[in-house]
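Reviewing the structure listed below.
The values are calculated or read from the model by the stated rules, or taken from the named source; none is laboratory data. The model shown is predicted, which means the values in this text are computed figures rather than measured ones. Every residue, glycine as well, gets a Cβ built from its backbone with ideal geometry; the counts of neighbours run over all protein chains shown. All accessible areas refer to the heavy atoms of the entire protein, side chains included, with ligands and DNA or RNA removed. Shrake-Rupley method; radii C 1.70, N 1.55, O 1.52, S 1.80 Å.
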Amino acid sequence: MQRANQILQAVRKLGEQRQPLTRVYRSLYCEELFIAAYGKIYRNEGAMTPGTEDDTVDGMNLAYIRDLIEALRYERYRFRPTRCQPIPKEKGGTRPLGIQNFTEKLVGEVLRMLLEAYYEPRFRESSHGFRPNRGCHTALAAVKHRFIGASWFIEGDIKGCFDNINHEVLLSILARDIHDGRLLNLIRLSLKAGALDNWTYHETHSGTPQGAVLSPLLANIYLNELDTFIEDELVPRYTRGRKRASNPEYNRYNRRYQKAVKRGNLVKAQQWDKQRRQIPSQDTHDPNYRRLSYIRYADDFLLGFIGSKAEAADIKTAVGTFLCERLKLTLSPEKTLITHARTQHAHFLGYAISTQQSDTRHMPREGTRVTTRAANGKIRLGIPYGRITEEIRRYQRQGKPIHERGLMHFSDAHIILTYQMRYRGLVEYYQYAVDLHRFGRLKWVMETALTKTLAHKFKISVREVYRKYHGKRPVNGYTYKTLQVEVPTTRGSSLIYWGAVPLRVVKPGSKPLVDIIQRDMKLHYNDLTKRLRADACELCGATSNCEVHHVRKLSDLKRRWAGRKEAPIWVQRMIRIQRKTLVVCRKCHKDIHAGRPLPNKRISTPGEPDDAKVSRPVRRGDCGKAP
């Protein structure tokens, strides 16, 4: 991947230096870029889902990549329409999901790699959606640290953002930095490809299809204009004063307290101290002090403002006017709200956000014995009201936990793992919430439903379920009771358990969490790309015309052939090497899909257990011969 890395590093350097991108279209002729893109997206669940044609990742080979590069070289490549699939929303209704053919996904991934390398250094720190090494938790940590003392929250939501992105405005934004007409025309073709809804073709005059590989990056490039407007115009306009003016009333009580201390009247000093702690030490309505902070995740953004409500309304109007006039977008009136930070909760990324106010919580300053009001002005991240009740309702009927009928035909390990993944996912997402302990109620309900499901499946009592699956697991020095089962595997056994998820609040920014997008800008050969470039059939040893056979899930193969006398050779091999891909010659690939018998030369494969490898020499003419 040396040449591909050199291309991306050169593009990234131009982005850092704010220089225009020229003659970049010829970078699409690099075969290593397409191999790297294939190595990134073949794992996705949608890689085996066809779009408008029967074009999936199955059967990928080097010749196909070279033909695709040739079509791009002579500008013969055209994007095909996406297939629209309605996806239900949580609050009712549906949203269209665009499903592309795999070829469009591959070209889109190469374009994404080039554009991300150029634009990533240019994006603002306030943007956290669909970016490398960022996610929901980095946005929440920024809110926690940068919105201290906010009086008002302005919750922003752009109405139908992805569906209403103006193509001409987007292309004009790209044309400012990309001085390459062929690349801009290729992006234009991807935007104008159209969509098939119930096999009816619809032209796309605006928007980027949700589900397309390139859409999140194009949306970030588009909304970067909003980030620039707010940070370069609104923030300087509504930021003034070094510090708030002191409160005269607080100063008066403070002087009385100090006099009482000097005179040795400790009883009176305590009375004055108690009264002064009920009053803010600074003027909360100081007209010469203003602060405005801003965070955006995809099309949702949050503004924290220290000032009057009238000025907060002016900020909201200014943002709405800019979106309408410059970006041709509108704010959702139902979701764009002005919230009082100390008495109400703003909702952002599933959290309830407010500014704390407590005159009774005192803590000493760092390195001193002087106590101050520690909570006032700090940002509180909490669980929204009704969120846990909504989750509990899923496992109850008439107010009591019941078994889950949809899991009855699965194994006990699968049932336990399903409940554990659901619970752990919620707890880990809300690890920043100060009221994380409230999930204890959900844990009890889910555990009751889990034990009832297992009891109903095996026709035993709940007490017997606890006896059968009882276990313990240490986590961070504490031992938790669990329900667990040991599952045999090819390399020993694996322990599946329920519970042992600590309900301990994590300090924002103290450790990386699982939702952060990990993306290395430097490309490497992974296992599949190495096997593909070797161009050797892993069944018969042929060394030409090899392609990759893909399956959707390896577990599907195991379940399909479980209990049968003997699985086909290719199934045994994929299970042995623990891969859902197999590099085979064209003849073997046709035989796999036709169900015909295959040779079994047991060629050495990277990642295969040592006991499964043999050092038998393989001749090129062995392809298709009986074992």
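Pick out the one residue from R237, R182, R244 that is surrounded by fewer than 16 Cβ atoms within 10 Å (Cβ to Cβ), without any contact (Cβ under 8 Å) to a residue 60 or more places away in the chain and either closer than 30 Å to A341 by Cα or among the basic types (K, R) (or both).
Values: R182 fails: without any contact (Cβ under 8 Å) to a residue 60 or more places away in the chain; R244 fails: surrounded by fewer than 16 Cβ atoms within 10 Å (Cβ to Cβ).
Sole residue among the options that is surrounded by fewer than 16 Cβ atoms within 10 Å (Cβ to Cβ), without any contact (Cβ under 8 Å) to a residue 60 or more places away in the chain and either closer than 30 Å to A341 by Cα or among the basic types (K, R) (or both): R237.
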Residues satisfying the stated conditions in region 261-316, i.e. in contact with a Phe, Trp or Tyr (Cβ under 6 Å, 6 or more places away or on another chain), assigned to a helix (DSSP H, G or I) and without any contact (Cβ under 8 Å) to a residue 40 or more places away in the chain | A269, W272, D273, Q275, R276
Only unsatisfied item for L191, checking (1) open to solvent by 40 Å² or more (accessible area, probe 1.4 Å); (2) touching a helix residue (DSSP H, G or I) at 6+ places or on another chain (Cβ under 7 Å), is (1)
Among helices (runs of 4 or more DSSP H) entirely inside region 73-177, those with 3 or more residues being of a type in the set (A, V, I, L, M) and either surrounded by fewer than 20 Cβ atoms within 10 Å (Cβ to Cβ) or in contact with a strand residue (DSSP E or B) (Cβ under 6 Å, 6 or more places away or on another chain) (or both) are 136-146, 167-177
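Just the residues that are within 18 Å of the chain's Cα centre (by Cα) and farther than 21 Å from E311 by Cβ, please, taken from region 338-355.
Residues of region 338-355 within 18 Å of the chain's Cα centre (by Cα): 348-351.
Those that are within 18 Å of the chain's Cα centre (by Cα) and farther than 21 Å from E311 by Cβ: L349, G350, Y351.
Within region 235-275, count every residue that is among the polar types (S, T, N, Q) and at pLDDT 90 or above. Step through it out loud before you land on a result.
Of all residues in region 235-275, those among the polar types (S, T, N, Q) come to 239, 246-247, 251, 254, 258, 265, 270-271, 275.
Applying the additional criterion that residues be at pLDDT 90 or above yields 239.
Matching residues across region 235-275 total 1.
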Residues being open to solvent by 30 Å² or more (accessible area, probe 1.4 Å) and either without any contact (Cβ under 8 Å) to a residue 24 or more places away in the chain or not basic (K, R) (or both) - total across region 441-472 = 15
Of the conditions (1) over 25 Å from the mean Cα position of the chain (by Cα); (2) loosely packed, with under 13 Cβ neighbours inside 10 Å; (3) closer than 27 Å to A500 by Cβ, the single one that R394 does not satisfy is (1)
Has region 7-20 got at least one residue that is surrounded by 13 or more Cβ atoms within 10 Å (Cβ to Cβ), in contact with an Asp or Glu (Cβ under 8 Å, 6 or more places away or on another chain) and under 30 Å from Q578 (Cα atoms)?
-> no
Please enumerate the residues belonging to region 543-567 that are outside any helix (DSSP H, G or I), open to solvent by 40 Å² or more (accessible area, probe 1.4 Å) and over 16 Å from G59 (Cβ atoms).
-> T543, K553, A562, G563, R564, K565, E566
So which residues in region 326-361 are open to solvent by 40 Å² or more (accessible area, probe 1.4 Å), more than 30 Å from T208 (Cα to Cα) and assigned to a strand (DSSP E or B), if there are any at all?
-> H340
For V319, the lone unmet condition from (1) open to solvent by less than 10 Å² (accessible area, probe 1.4 Å); (2) in contact with a Gly (Cβ under 8 Å, 6 or more places away or on another chain); (3) of a type outside the set (F, W, Y); (4) assigned to a strand (DSSP E or B) is (4)
Counting only residues that are crowded, with 17+ Cβ neighbours inside 10 Å and over 24 Å from the mean Cα position of the chain (by Cα), region 195-230 contains a total of 5
